Amino acid sequence: MDAIMGNQLGAGETDRPATDKRRGGRPRLDEIEKRTQEVRLYLTLSERTELERRAHLAGMRDVGLYIRRAVIAQRAPRAITPDVNREMLTEMRRIGVNINQIARDTNATRTLGLLRAAELERHYRALRDLLEEVGMALSGFRDQD
């Protein structure tokens, strides 16, 4: 503005007020929002490792943020379920629904029938195989396919 009116600005000078110096970046927090209080907590190495593990499982790198959310919310953030586990859970639910339908039908008619028995056996085997796969995944072992 000064340059337009003929006033020359020196190097580094602007026509903005001094309070408007900051242009980009994160907005400043109000005084009430600033974290100024410190709490010291002593942990054993295994406790610290477990805390970091839980924060990581919840998808958080910042252990302090994990602790704040766990304490303030009065429950720890939940672990993120990997896609593989989601697929297994979906498959287990599908099998469970099928078994429940067979059980309901059997209870209503008081007979199982050969076709339903074969279907039930197929679902039982699929569920058993899936549970075995889940157990292997949880223990850290995988089949070498």
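The values are calculated or read from the model by the stated rules, or taken from the named source; none is laboratory data. These numbers come from a predicted model, not from an experiment. FYI the Cβ positions are ideal-geometry reconstructions off the backbone, even for glycines, and counts take in every protein chain you see.
Here are some notes:
- Among the residues of region 112-139, the ones that are of a type outside the set (A, V, I, L, M) and modelled with pLDDT of 80 or more come to 8 in all.
- Matching residues, region 11-32, being at pLDDT 85 or above and either touching a helix residue (DSSP H, G or I) at 6+ places or on another chain (Cβ under 6 Å) or of a type in the set (Asp, Glu) (or both): Asp30, Glu31
- Within region 87-106, considering residues that are touching a residue at least 24 places away in the same chain (Cβ under 8 Å) and under 26 Å from the mean Cα position of the chain (by Cα), the one surrounded by the most Cβ atoms within 10 Å (Cβ to Cβ): Ile95
Per-residue answers, yes or no, for (1) under 30 Å from Leu131 (Cβ atoms); (2) surrounded by 10 or more Cβ atoms within 10 Å (Cβ to Cβ); (3) modelled with pLDDT of 85 or more; (4) of a type in the set (S, T, N, Q):
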residue	(1), (2), (3), (4)
Arg40	no, no, yes, no
Leu45	no, no, yes, no
Gly59	yes, yes, yes, no
Ala73	no, no, no, no
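- Residue under evaluation Thr109, criteria (1) over 28 Å from Glu132 (Cα atoms); (2) exposed (fewer than 11 other Cβ atoms within 10 Å of the Cβ); (3) modelled with pLDDT under 75, criterion not met: (3)
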